[in-house]
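Down below is the structure, laid out as structure tokens.
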2 protein chains.
Amino acid sequence: MTTRADCLHLDAGDPLASLRDLFELPAGVIYLDGNSLGPLPRSAPARLREVACDEWGRGLIRSWNTAGWIDLAQRVGDKIARLVGVGVGELVVTDGTSVNVFKALCAALALARTGGPNGHRRNVIVSERRNFPTDLYIAQSFAREHELELRLVEPHEIACALDATSAILLLTHVDYRSGRMHCMAELDRAAHAAGAMTVWDLSHSAGAVPVDLRRDAADFAVGCGYKYLNGGPGAPAFLWAHPRHVALMAESDMAQPLSGWLSHAAPFEFAEKYRPAHGVARFLCGTPPVLSLAALECGVDTLIAAEAQGGMQALRAKSQALTTLFIERVEARCTGGELTLVSPRDASERGSQVSFAHVGGGYAIMQALIERGVIGDFRAPDLIRFGFAPLYTRFVDAFDAAEHVAAVLASGEWRAERFALRAAVT
Amino acid sequence: MTTRADCLHLDAGDPLASLRDLFELPAGVIYLDGNSLGPLPRSAPARLREVACDEWGRGLIRSWNTAGWIDLAQRVGDKIARLVGVGVGELVVTDGTSVNVFKALCAALALARTGGPNGHRRNVIVSERRNFPTDLYIAQSFAREHELELRLVEPHEIACALDATSAILLLTHVDYRSGRMHCMAELDRAAHAAGAMTVWDLSHSAGAVPVDLRRDAADFAVGCGYKYLNGGPGAPAFLWAHPRHVALMAESDMAQPLSGWLSHAAPFEFAEKYRPAHGVARFLCGTPPVLSLAALECGVDTLIAAEAQGGMQALRAKSQALTTLFIERVEARCTGGELTLVSPRDASERGSQVSFAHVGGGYAIMQALIERGVIGDFRAPDLIRFGFAPLYTRFVDAFDAAEHVAAVLASGEWRAERFALRAAVT
């Protein structure tokens with residue numbers, strides 16, 4: 001059984017340990033909610049000051065050129081590309097995840113319907129019943145608008161649900177509740193065998209687990225900037241489309257409907273007629289929020305900094321060790337049978353988080369933990385969720401967090417009135 | 001003829017003059033491009049530091065509740081509402097202008113088609129040939145998707161172009177090139193007489209001229225946060241829908257297609273099924289970029305601060321005086337016939353900007369002016385454009401800017417090689 005001393009020893013020998021210094025983490029807090037909002041990179045306040053005071057304040061409108069604002073979204077996109085296995089110029093930072101899901105669905109449907117002799121009969125989107133709500137909401141509206149069937153199934157039913165009517169397989173790579181991770185390569189193969197296109201939401205993957213979109217033959221991917229990418233609250237999101245599809249869209253004169261001016265081939269000509277940009281820039285839309293984008297770059301840079309220590313592979317190994325340790329310690333210390341592990345026990349099937357169910361007490365238990373400085377989150381109806389971002393989480397944090405969970409349960413302190421359910425926040 | 005001494009006298013007696021102190025404006029610059037990017041509010045750097053260090057850094061995920069991030073977009077929206085004549089809770093800050101144009105078109109089409117016995121036959125969007133490009137680009141894609149005709153006409157042809165086939169009249173209130181301002185009330189009347197819905201882009205109006213959407217019976221409006229609202233580069237945009245339409249959308253089970261999680265009636269329930277929020281929140285989509293949104297609030301607060309000095313009406317009077325003075329001075333000092341006034345000569349038909357055409361020299365003249373510290377901008381093919389934001393522009397600035405224009409033309413310095421055309425930036 002792992003002891004606290006063992007954990008301190010693991011931390012002392014951890015080649016990734018120094019990456020924690022890239023963040024401002026408040027004293028007395030064990031932060032296990034980087035899957036909802038990554039912490040503040042130490043570089044971000046000074047960078048924000050520079051963008052505000054020097055670039056905006058002194059440079060004014062000139063900074064679109066002189067400070068490189070016009071290239072900023074692509075520069076950050078090229079960095080995220082390195083984390084998800086795609087090339088320079090293939091991925092853009094733009095809008096939010098939900099808007100990007102919409103754009104990807106539009107493009108994927110158009111492409112699925114032009115592919116093969118029966119393309120026009122493809123009228124089903126397959127997804128998971130417990131996919132991330134915003135993906136489902138966008139898909140529901142999209143299906144209604146285009147008179148498609150949105151077929152929602154359980155994870156094990158996905159492959160069987162794909163057939164000659166399937167247009168799109170829309171999945172979140174790592175489930176936001178359980179942390180269960182899909183095999184991307186396998187599902188891309190299954191979708192392609194049925195003639196469908198895949199749209200992957202990497203919101204709980206990018207920066208948390210190695211992703212290799214090209215190797216695994218994905219078609220489209222979107223993802224969030226403010227979770228494991230540490231980009232700050234509401235940071236812009238990203239979108240990737242396979243260059244083959246981007247080229248086909250150009251050949252076939254397909255535009256995505258959010259054809260704002262920055263997706264134009266020559267935005268500064270202010271031409272009357274829309275003409276989409278070459279490349280993935282056709283998925284841009286309007287002017288990006290530069291302040292939030294600058295903070296996102298600071299966040300992404302914390303992951304780029306890890307490349308010298310083995311990058312995503314090394315981070316993945318540490319993440320698996322952390323989540324395995326936490327499960328072991330919670331199960332060793334909480335033997336009353338109140339908690340049920342919801343995340344996969346096999347580390348290879350698990351993202352960088354661990355969730356337990358507690359019938360009736362999930363919300364209150366998490367509030368009691370937060371009062372103790374252990375910040376995870378609650379997901380209705382009964383989940384307590386703990387993210388283990390390997391960039392800044394120590395083995396001793398995982399150990400101590402498990403001790404707090406045990407103490408909250410053993411003491412019954414979570415039953416206090418002040419922890420009664422109110423509206424929760426992601 | 002107005003002298004420089006007169007201008008100094010006007011500034012000394014200007015009750016709005018102290019509002020200039022709300023901004024950081026670099027020494028040696030006459031900034032006449034607030035219609036493209038408003039300057040830095042003096043409050044913004046400290047506020048950004050607070051959001052980054054205290055709220056993000058120390059508050060972490062808890063700040064969605066404890067720092068009020070979850071209400072921030074609505075709080076800023078309620079402030080913008082005061083500038084455009086609508087009530088609390090009627091207007092939201094969300095996404096970018098282009099995305100909001102798309103949402104407004106979707107809702108307007110659905111409503112136009114349910115209104116009246118021939119609603120389903122309405123298949124035309126009327127707009128201006130020289131409407132702002134991003135509005136046209138979104139409208140082009142939207143028209144293609146829905147098999148509509150996009151009927152682009154000259155300003156004086158708008159009323160005649162409306163008929164029983166019209167679904168939507170999509171207009172920018174103040175033209176981004178000429179500064180010509182539409183009569184909103186008259187065009188709303190004309191559109192409604194034809195049975196069409198109006199969608200107004202207020203990007204060059206909000207914070208620059210008084211807007212009264214309710215009085216003028218508009219249906220939908222969108223606008224930009226980073227121009228006259230001083231919200232910082234790429235600041236989030238806003239959207240307003242008449243509460244009558246919002247109510248009808250609810251009754252008729254109409255959803256806008258960008259139905260991201262924050263537009264859900266109960267986003268934190270993470271329910272599987274989409275159920276749009278009551279009220280204008282149904283036009284939200286994903287998580288807002290909090291840093292950029294916080295800066296936008298600082299920008300909007302500069303306009304709210306003017307309320308004690310007469311608000312938009314007082315700002316409008318000053319703006320008209322500034323633009324009238326500038327036209328008078330430029331025409332008095334540039335008598336060679338090289339410049340042609342493109343903006344309306346009647347101040348009541350003009351927004352807060354002045355544009356002149358110069359065949360062949362527009363780009364170079366503006367570059368020469370920028371080198372002299374007079375920052376306006378160039379719009380292809382031949383316009384030099386000067387914005388006169390009355391919050392921070394002095395009468396002496398208008399006078400001096402005209403002197404610089406005259407000097408650049410008289411000296412021929414704009415013909416220097418270094419001012420030759422390169423890619424321009426908005």
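The values are calculated or read from the model by the stated rules, or taken from the named source; none is laboratory data. In this text the structure is predicted, and so the values were computed from the model without any measurement. Neighbour counts run over all protein chains shown; Cβ positions are idealised from the backbone, glycine included.
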Subject >> Cβ pairs under 8 Å, 6+ apart, first in segment A:347-375 and assigned to a helix (DSSP H, G or I), second modelled with pLDDT of 95 or more and hydroxyl-bearing (Ser, Thr, Tyr) >> reply: A:Ala347/A:Thr323; A:Ala347/A:Thr324
Original post:
Within segment A:229-262, restricting attention to residues that are within 21 Å of B:Arg144 (Cα to Cα) and polar (S, T, N, Q), which residue is surrounded by the fewest Cβ atoms within 10 Å (Cβ to Cβ)?
Top reply: A:Ser252
**OP:** Please name all residue pairs, on different chains or six or more residues apart, with Cβ atoms under 6 Å, provided the first residue is in segment B:142-162 and is at pLDDT 95 or above and the second residue is surrounded by fewer than 18 Cβ atoms within 10 Å (Cβ to Cβ).
**Re:** B:Ala143/B:Leu150; B:Leu148/B:Asn123; B:Leu152/B:Arg129; B:Ala161/B:Val153
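Rundown of residues vs (1) in contact with a His (Cβ under 7 Å, 6 or more places away or on another chain); (2) within 10 Å of chain A (Cβ to nearest Cβ); (3) over 30 Å from B:Phe356 (Cβ atoms), yes/no style:
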residue	(1), (2), (3)
B:Pro233	no, yes, no
B:Leu258	no, yes, yes
B:Ala266	no, yes, yes
B:Ala294	no, yes, yes
B:Met312	no, no, no
B:Thr323	no, no, no
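Sort through A:Ile80, A:Ile70 and tell me the only one that's more than 9 Å from chain B (Cβ to nearest Cβ), over 26 Å from A:Ser252 (Cβ atoms) and either touching a strand residue (DSSP E or B) at 6+ places or on another chain (Cβ under 6 Å) or not in a strand (DSSP E or B) (or both).
Values: A:Ile70 fails: more than 9 Å from chain B (Cβ to nearest Cβ).
After applying the criteria, what remains is A:Ile80.
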Original post:
In this structure, is B:Val300 buried (at least 19 other Cβ atoms within 10 Å of the Cβ) and more than 19 Å from the chain's Cα centre (by Cα)?
Top reply: no
Subject >> segment A:96-124 - residue that is within 13 Å of chain B (Cβ to nearest Cβ) and in contact with a helix residue (DSSP H, G or I) (Cβ under 7 Å, 6 or more places away or on another chain) and, of those, nearest to B:Gly96 (Cα to Cα) >> reply: A:Val99
**OP:** Might you check whether a residue that is assigned to a helix (DSSP H, G or I), more than 17 Å from B:His245 (Cβ to Cβ) and not aliphatic (A, V, I, L, M) occurs anywhere in segment B:175-184?
**Re:** no
Subject >> Candidates B:Leu248, B:Leu284, filtered to the one that is in the same structural domain as B:Cys53 (by TED's automatic domain parsing) and under 30 Å from A:Val51 (Cβ atoms) >> reply: B:Leu284
Original post:
Among the residues of segment B:287-333, which ones are in contact with a Phe, Trp or Tyr (Cβ under 6 Å, 6 or more places away or on another chain) and not assigned by TED's automatic domain parsing to the domain that holds B:Phe356?
Top reply: B:Val290
**OP:** Mind listing whichever residues of segment B:206-228 are charged (D, E, K, R) and either surrounded by fewer than 24 Cβ atoms within 10 Å (Cβ to Cβ) or outside the structural domain of B:Val99 (by TED's automatic domain parsing) (or both)?
**Re:** B:Asp212, B:Arg214, B:Arg215, B:Asp216
Original post:
Restricting attention to segment A:183-205, does a residue exist that is at pLDDT 95 or above, at positive phi and surrounded by fewer than 18 Cβ atoms within 10 Å (Cβ to Cβ)?
Top reply: no
Subject >> Test set (1) in contact (Cβ under 8 Å) with a residue 24 or more places away in the chain; (2) surrounded by fewer than 21 Cβ atoms within 10 Å (Cβ to Cβ); (3) of a type in the set (D, E, K, R); (4) assigned to a helix (DSSP H, G or I) - B:Arg282 fails condition number >> reply: (2)
Original post:
With A:Leu40, A:Leu32 as the choices, which residue is farther than 15 Å from A:Pro233 by Cα, of a type outside the set (Phe, Trp, Tyr) and at pLDDT 95 or above?
Top reply: A:Leu32
Original post:
Can you tell me which residue in segment A:372-398 is surrounded by the fewest Cβ atoms within 10 Å (Cβ to Cβ), limited to those that are within 14 Å of chain B (Cβ to nearest Cβ) and more than 23 Å from the chain's Cα centre (by Cα)?
Top reply: A:Gly373
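Table: residues versus (1) more than 10 Å from chain A (Cβ to nearest Cβ); (2) in a helix (DSSP H, G or I); (3) surrounded by 23 or more Cβ atoms within 10 Å (Cβ to Cβ).
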position: B:Val126; (1), (2), (3): yes, no, yes
position: B:Arg130; (1), (2), (3): no, no, no
position: B:Thr134; (1), (2), (3): no, yes, yes
position: B:Tyr137; (1), (2), (3): no, yes, yes
position: B:Arg144; (1), (2), (3): no, yes, no
position: B:Glu147; (1), (2), (3): yes, no, no
position: B:Arg151; (1), (2), (3): yes, no, no
position: B:His156; (1), (2), (3): yes, yes, no
position: B:Cys160; (1), (2), (3): yes, yes, no
**OP:** Residues being more than 15 Å from B:Ala406 (Cβ to Cβ) and buried (at least 17 other Cβ atoms within 10 Å of the Cβ): count how many of those fall in segment B:348-371.
**Re:** 11
**OP:** Tell me which of these A:Gly87 doesn't satisfy, since it passes every other one: (1) touching a residue at least 24 places away in the same chain (Cβ under 8 Å); (2) under 24 Å from B:Ala46 (Cβ atoms); (3) assigned to a loop (DSSP other than H, G, I, E, B).
**Re:** (2)
Original post:
Applying the selection to segment A:2-46, what residues are among the aliphatic types (A, V, I, L, M) and either surrounded by fewer than 16 Cβ atoms within 10 Å (Cβ to Cβ) or more than 24 Å from A:Gly223 (Cα to Cα) (or both)?
Top reply: A:Ala5, A:Leu8, A:Leu10, A:Ala12, A:Leu16, A:Ala17, A:Leu25, A:Ala27, A:Val29, A:Ile30, A:Ala46
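When you look at A:Leu170, is it part of a strand (DSSP E or B) and either free of Cβ contacts under 8 Å to residues at least 60 places away in the same chain or out of contact with any Pro (no Cβ under 7 Å at 6 or more places or on another chain) (or both), yes or no?
On the way: part of a strand (DSSP E or B): yes; either free of Cβ contacts under 8 Å to residues at least 60 places away in the same chain or out of contact with any Pro (no Cβ under 7 Å at 6 or more places or on another chain) (or both): yes.
Judged against the criteria, A:Leu170 is a match.
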Subject >> Test set (1) in the same structural domain as B:Tyr176 (by TED's automatic domain parsing); (2) buried (at least 18 other Cβ atoms within 10 Å of the Cβ); (3) part of a helix (DSSP H, G or I); (4) not charged (D, E, K, R) - B:Val92 fails condition number >> reply: (3)
Original post:
Residue check: is B:Gly337 among the small types (Gly, Ala, Ser) and in the same structural domain as B:Leu409 (by TED's automatic domain parsing)?
Top reply: yes
Subject >> So A:Gly351, is it in the same structural domain as A:Arg394 (by TED's automatic domain parsing) and on the phi > 0 side of the Ramachandran plot >> reply: no
**OP:** Pairs only if they're at least six apart or on different chains, beta carbon under 9 angstrom, first in segment A:240-256 and away from chain B (no Cβ under 14 Å), second of a type in the set (Ser, Thr, Tyr); list them, first residue then second.
**Re:** A:Leu248/A:Thr114
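Can you confirm whether segment A:283-292 contains a residue that is in contact with a helix residue (DSSP H, G or I) (Cβ under 8 Å, 6 or more places away or on another chain) and farther than 29 Å from B:Leu293 by Cβ?
No.
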Original post:
B:Ala164 versus (1) surrounded by 17 or more Cβ atoms within 10 Å (Cβ to Cβ); (2) part of a loop (DSSP other than H, G, I, E, B); (3) among the hydrophobic types (A, V, I, L, M, F, W, C): which is the lone unmet condition?
Top reply: (1)
